[in-house]
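Heads up, the thing below is written out as C-alpha cells.
The values are calculated or read from the model by the stated rules, or taken from the named source; none is laboratory data. If you're wondering where the values come from, they're calculated on a predicted model, not measured in any experiment. A quick note on method: Cβ atoms are made from the backbone with ideal geometry, for glycine too, and the neighbour counts reach across all protein chains shown. The protein model used for the area step is the full one, side chains on, heavy atoms only, and it has no ligands, DNA or RNA in it. Shrake-Rupley method; radii C 1.70, N 1.55, O 1.52, S 1.80 Å.
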Amino acid sequence: MGVVDRQGLGLSGMGVEAAGHFERGLDALLFFRPEVSVEVEGVLSAAPEAPMGHAFAAYLGLLGTEPADAAAARERFATFAAGGVRGDARESAHLEAAEAWLAGDIHRAGDILRELVVAHPRDTLALAIGHQIDFFTGDATRLRDRVGGALGAWDPDDPHYGPLLGMSAFGLEETGHYERSEQAGLAAVAAHPRDVWAIHAVVHTYEMQGRFAEGIRFLDARVGDWSGGNYLNVHNWWHYGLYAIEAGAIDRALAIYDAVLHNERSIGAAMELLDASALLWRIHLAGGEQPKRWARLADAWAARADGPYYAFNDVHAVMAYLGAGRIADAEAVVHDRQRWLADPHPGVSNHTMTAEVGLPVCRALVAFEQGRHPDTVDILVPIRHRLNTFGGSHAQRDAIQQTLVEAALRAHRHDLARTLLSERVNLRPSSPYNWLGRARLADELGRAAEAATAREQAVEHTKAITVAWGR
C-alpha cells in the first residue's frame, strides 16, 4: 500500500513529504488557521499530480466565496484534470465534487461528498468541506446529519474528533437542538480551546436562545483563543457586536466595527464585508445613521465589482449601497441580476438561489429604503420561511427578518406585526429587541398599559445583559 493519511485513507501520488503537508493542511483547515494555504501549496509542490492535493486546492479557492479565487482555482484544476489522473474511487469522488462546485453546482458537490462519507466516514476533508457547503446552501438538516452520521465511526480520542463535534454542534443549533448543541460545542472547546468553529457554534446557541449575557461571558473568558490569528475572528467579533446591539450598546458595537469588522486595514474579503453590512444594517433599522462608515463600506463593495456569483453576498452589497444613500448602485445590482437570470444557467446553483430568494430580498431592501414599506412586506412575507435556501445561518438571516418586522410596523400592518413579534418573543423572550417592537406596536394601537409592560420587559432583559459587562 502507498502513503495513507492518519485515518488509513490512500493519498495517491504523494510521498511522505506531501502527506505531511496534507495532514498539517487538514489541521489548519479545521481550526481556520491561515497556514492552510501554505500547506496545500506544499502538497502540490512535493506531489504535483496528487489528486487529493488538487481537490484540496480547489476547495480552498471556493470556500471564501470570492469570484476571482474561484476563477483561478478553476483554471488550475482544469490543467490538472486534462492529465486524466483520478486516483482511487474515493479520490475520484473528491475530484468530481470539486469539478461540480467549480462549475457552479454547489448542491451536486454536497451530494457527492455526502455519499462519499457514507462509505468513508473518517474522510476528514469530505466532512469539513461538505459541512461548509451545507452552510453556504442553508441546509440545516444536512448541516446536522452529515457530520452526525459519521461521528459513530470515530474514536473520541482521535485529534480530529473534537473539531467534528464542533461542526455537529453548529448543525444541532441550526436545527433547534439547543441543549444538545451547547453540550457538544462545550465539549469540543474543552478538547481544543482554540477551536474557533466550536466557539462559534456555542455563540450561535446562546444567540438563538437569547442568552446574551452568557454569550458575552463565554467570549470574554476565551478572547485570547478566538479573537485573532484565524479566519473566523471577524465573524466571532460580529457575534459579539450583535450582543451589544441587543443591549442597546450601539457605541460598543461600533467600536467593534471600527476595530475589527471594517477599517483602513481591511482587505475587502466578501465574508468580512458581509458581516460589516449586517451589523450596520441592524443599527440602521434602529434609526442609527452612520454615513461615513456606510460610505467607506459601499466603496469597498463597489471596488470588488462582483458579478452574479453568490446571492447571499449580493444582498449584503445592496445593504451597503442603501446605507450609503447610493440607491442607484443598489438598483444596478438588481438590474444586473435580472439580466443574468434572463438566460438559463443549467447546473448553476446560484441561478436558483438568486431567482428565488436573493433578488427578491434585494428588491425588498430597495423598497424599504425608498419608504415603500408595504412593498417590502409584500415581497418578504411569501419567502420569509425559506430564506435559508440562499445560505447563511439563522443569526445572519435575522437581519432580513428584522427588516420585515420594521416594514410591517412602518406600513401599519398591525396584524402582521403582532404575529411576527409574537413569534419572536415566543422564541426568544429575553430579547430586548423583541419587547421594544411589542411596545412600539402597542403605542400605535393606543394600548398604553401593554406598551409600558413591554418596555419594562425590555429594560429588565437589557440589565441582565449589561451585568455581563460589569456595568
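Can you tell me which residues in the range 132-145 are out of contact with any Lys or Arg (no Cβ under 6 Å at 6 or more places or on another chain) and surrounded by 18 or more Cβ atoms within 10 Å (Cβ to Cβ)? Before you say what the answer is, go through the steps one by one.
In the first step, residues of the range 132-145 are kept if they are out of contact with any Lys or Arg (no Cβ under 6 Å at 6 or more places or on another chain); the result is 132-133, 135-145.
The answer is 132, 133, 135, 136, 137, 138, 139, 140, 142, 143, 144.
Any residue at all in the range 454-462 that is under 26 Å from residue 366 (Cβ atoms) and touching a helix residue (DSSP H, G or I) at 6+ places or on another chain (Cβ under 8 Å)?
Kept after step one, since they are under 26 Å from residue 366 (Cβ atoms), are these residues of the range 454-462: none.
No, that holds for no residue.
Considering each of 265, 296 in turn, give the residue that is among the basic types (Lys, Arg), without any contact (Cβ under 8 Å) to a residue 60 or more places away in the chain and part of a helix (DSSP H, G or I).
Working: 265 fails: part of a helix (DSSP H, G or I).
Every option except 296 fails the conditions.
Considering only helices (runs of 4 or more DSSP H) fully contained in the range 323-383, which possess at least 2 residues that are touching a residue at least 24 places away in the same chain (Cβ under 8 Å), among the aliphatic types (A, V, I, L, M) and closer than 20 Å to residue 410 by Cα? Step through it out loud before you land on a result.
Values: elements: 327-341, 349-353, 359-369, 373-380.
Filter on the range 323-383 gives 359-369, 373-380.
Return the pair list, or none, for Cβ contacts closer than 6 Å from residues in the range 39-59 that are without any contact (Cβ under 8 Å) to a residue 60 or more places away in the chain to residues that are open to solvent by less than 10 Å² (accessible area, probe 1.4 Å) and in a loop (DSSP other than H, G, I, E, B), at least 6 apart or on different chains.
That search, which allows pairs on different chains as well, returns 53/47.
If I filter the range 197-245 down to residues being open to solvent by 20 Å² or more (accessible area, probe 1.4 Å) and among the aromatic types (Phe, Trp, Tyr), which single residue comes out as nearest to residue 168 (Cα to Cα)?
Only one residue tops the list, namely 231.
Within the range 92-113, track down each residue that is charged (D, E, K, R) and either open to solvent by less than 50 Å² (accessible area, probe 1.4 Å) or in contact (Cβ under 8 Å) with a residue 12 or more places away in the chain (or both).
So the first thing to find is which residues in the range 92-113 are charged (D, E, K, R), and the list is 96, 99, 105, 108, 111.
Scanning the range 92-113 gives 96, 99, 105, 108.
Scan the range 49-91 for residues that are among the acidic types (Asp, Glu), open to solvent by less than 50 Å² (accessible area, probe 1.4 Å) and assigned to a helix (DSSP H, G or I) and jot them down.
Of the residues in the range 49-91, the ones among the acidic types (Asp, Glu) are 49, 66, 69, 75, 88, 91.
Applying the additional criterion that residues be open to solvent by less than 50 Å² (accessible area, probe 1.4 Å) yields 66, 91.
Residue satisfying the conditions is 91 alone.
Among residues belonging to the range 437-448 that are free of Cβ contacts under 8 Å to residues at least 24 places away in the same chain and either farther than 17 Å from residue 422 by Cα or not aliphatic (A, V, I, L, M) (or both), point out the one that is most open to solvent (accessible area, probe 1.4 Å). Lay out the reasoning, then the answer.
Of the residues in the range 437-448, the ones free of Cβ contacts under 8 Å to residues at least 24 places away in the same chain are 438-439, 442-443, 446-448.
If we keep only those that are either farther than 17 Å from residue 422 by Cα or not aliphatic (A, V, I, L, M) (or both) as well, we get 438, 443, 446-448.
Working: 438: 73, 443: 77, 446: 65, 447: 117, 448: 74 Å².
My answer is 447.
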